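Encoded as structure tokens, the structure appears first; notes follow it.
The values are calculated or read from the model by the stated rules, or taken from the named source; none is laboratory data. All values derive from a computational prediction rather than experimental measurement. Virtual Cβ from ideal backbone geometry, glycine too; neighbours counted across all protein chains shown.
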């Protein structure tokens, strides 16, 4: 059974990881744990209060198959967690690292996007981080990008984000496809 750590912080974009979490947990039987910086409750942009399972210090790539980071206003407010150590640890273990919206730019800041195809809200949002040197591999597109177990997406693409994370985890089964394709039907 795959284990997924979803790293939440105050003002996270609650809609961005929701479909992935529901599909992985309910349809595929994955162990999905939420985490916050100190293990204390966090409140999303939409006012959803989440009591996490663990703190960020307990997210270990030896115990998890994927690190998923949703975006949100924490970056705009200058209160975002620095995911450099966690992202690099998961990458070193060839585990899935996924960031959507502002979290994709946070991954750009860590340097792990420098040698993989990736996307996000914009190349400019990534380029404001001095640690980012992957502009040539940026894909300006409205859907998620997955390359070498690194998944990125603009904030407007939670459906393809969920799909690409499941694919990166080798969980893209006919059952998963049947369930998730319904959520993308309005975009056809």
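Listed values, structure above:
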item	result
Near pairs, Cβ below 6 angstrom, 6+ apart or cross-chain, from the range 127-156 (at negative phi and surrounded by fewer than 19 Cβ atoms within 10 Å (Cβ to Cβ)) to any residue that is part of a strand (DSSP E or B) and modelled with pLDDT of 95 or more	139/145
Residues satisfying the stated conditions in the range 169-181, i.e. touching a residue at least 12 places away in the same chain (Cβ under 8 Å), surrounded by 15 or more Cβ atoms within 10 Å (Cβ to Cβ) and either within 12 Å of the chain's Cα centre (by Cα) or part of a loop (DSSP other than H, G, I, E, B) (or both)	169, 171
Qualifying residue in the range 89-109 (condition: in contact with a helix residue (DSSP H, G or I) (Cβ under 8 Å, 6 or more places away or on another chain), surrounded by fewer than 19 Cβ atoms within 10 Å (Cβ to Cβ) and touching a residue at least 24 places away in the same chain (Cβ under 8 Å))	no
Every residue from the range 151-168 that is part of a loop (DSSP other than H, G, I, E, B) and either over 17 Å from residue 182 (Cβ atoms) or in contact with a helix residue (DSSP H, G or I) (Cβ under 7 Å, 6 or more places away or on another chain) (or both)	154, 155, 156
